[in-house]
Amino acid sequence: MTTRAFAVSSTDASGRPTEVLSAGDGPTVVFLHGAGIVEGFDCLLPLAERFRLILPLMPGYGHTALDPPVRSRDAAVEQVAAVLDGLGIEETVLVGHSLGGWLAAATAARFPNRISKLVLAAPYGLPVEGESLAHLFAMGPAERLAALTNDPSIWEGRLPEGPDEAFDAARALEGEALSRFFPGDFDPELTATLSTISAPTLVLWGDDDMMFSLAYARAWQRALPHAELRTYPGVGHLMFHERREAVDAIADFASR
């Protein structure tokens, strides 16, 4: 078990104050988080034993400014590039989970010379016939948590036991940020975008993911020119919290 912790700093991303978590030294791995961050990121700290792990928070998350508005996928990708610029990162291994996987893939397509390798963990965005996106916001609290992971211990100490105005305000701000650029159940332009990605790509998926089934995993593997797929039995959407093996897969792929 690692004893490392994240250092918290801020960088200027084209005029937007952006909160950045970082740990470790070595080759750079940048991680783009999903639509929720309540579960935290400590599960990723083993990567800091071999890499410089950088985790920027998206607009509206943590202490990253919500404005100026990000109102499209392209604008969100430009925010990622601005963060890399602000941190002086010319090239990196890019990892994205869920919504962050969608942005990571779009970033790799837009800036191929800056992404040496790409890791996509249960990414959002592709349409799959016969499958539908799980709508978390329509679920009750308990149903929502169960849909995200098979391991309820992930939430211990992460959720308020009673009314918490600060907690609710932070979640509302994240929801406002998402509403500005989230395209809906899928991104209609994504299939064409994925076909242009040149970076070697690793796709990771839990075979018990209740957000996106394995049918989505296979669709991503087919759509990407240079992708391998690795799945984990009994694992849900928050795979890095549930299975250390998934974190190690990032390190092994990045080190090849």
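The values are calculated or read from the model by the stated rules, or taken from the named source; none is laboratory data. Fair warning: this is a prediction, and the values are worked out from it, not measured in the lab. Here the Cβ positions follow ideal geometry from the backbone for every residue, glycine too, while neighbour counts run over all protein chains shown.
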Legend entry - Check on Phe240, hydrophobic (A, V, I, L, M, F, W, C), on the phi < 0 side of the Ramachandran plot, surrounded by 12 or more Cβ atoms within 10 Å (Cβ to Cβ) and touching a residue at least 40 places away in the same chain (Cβ under 8 Å): yes
Legend entry - Test result for Ala166, at pLDDT 95 or above and buried (at least 16 other Cβ atoms within 10 Å of the Cβ): no
Legend entry - Hits in region 155-183 - residues which are more than 17 Å from the chain's Cα centre (by Cα) and within 28 Å of Tyr232 (Cα to Cα): Trp155, Glu156, Gly157, Arg158, Leu159
Legend entry - Leu133 vs. criteria of a type outside the set (Val, Ile, Thr), under 21 Å from Phe182 (Cβ atoms) and assigned to a loop (DSSP other than H, G, I, E, B): yes
Inset, instruction - Give the residues of region 190-220 that are free of Cβ contacts under 8 Å to residues at least 60 places away in the same chain and touching a helix residue (DSSP H, G or I) at 6+ places or on another chain (Cβ under 8 Å), sorted by residue number. - result: Ser195, Asp207
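Restricting to strands (runs of 3 or more DSSP E) lying wholly in region 1-113: which have 3 or more residues that are more than 25 Å from Arg171 (Cβ to Cβ) and in contact with a helix residue (DSSP H, G or I) (Cβ under 8 Å, 6 or more places away or on another chain)?
92-97
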Inset, instruction - Scan (1) surrounded by fewer than 14 Cβ atoms within 10 Å (Cβ to Cβ); (2) farther than 27 Å from Thr92 by Cα; (3) aliphatic (A, V, I, L, M) for the single condition Ala192 breaks and write down its number. - result: (2)
Inset, instruction - Go through region 185-214 residue by residue and tally those that are under 10 Å from Gly236 (Cα atoms) and either assigned to a loop (DSSP other than H, G, I, E, B) or of a type in the set (Lys, Arg) (or both). - result: 7
Inset, instruction - Could you look through region 160-179, keep only residues that are touching a helix residue (DSSP H, G or I) at 6+ places or on another chain (Cβ under 9 Å) and not aliphatic (A, V, I, L, M), and pick out the one that is farthest from Arg222 (Cα to Cα)? - result: Pro160
Inset, instruction - With the condition kept exactly as written, say whether any residue in region 71-78 is in contact with a strand residue (DSSP E or B) (Cβ under 8 Å, 6 or more places away or on another chain) and not aliphatic (A, V, I, L, M). - result: no
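Mind checking which residues of region 50-72 are out of contact with any His (no Cβ under 9 Å at 6 or more places or on another chain), closer than 27 Å to Phe253 by Cα and in contact (Cβ under 8 Å) with a residue 60 or more places away in the chain?
Pass one, region 50-72, residues out of contact with any His (no Cβ under 9 Å at 6 or more places or on another chain): 50-54, 59-60, 62-72.
Now drop any that are not closer than 27 Å to Phe253 by Cα, which leaves 50-54.
Scanning region 50-72 gives Arg50, Phe51.
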Legend entry - Residues of region 73-90 satisfying the condition of being more than 23 Å from Gly125 (Cα to Cα) and without any contact (Cβ under 8 Å) to a residue 40 or more places away in the chain: Gly88, Glu90
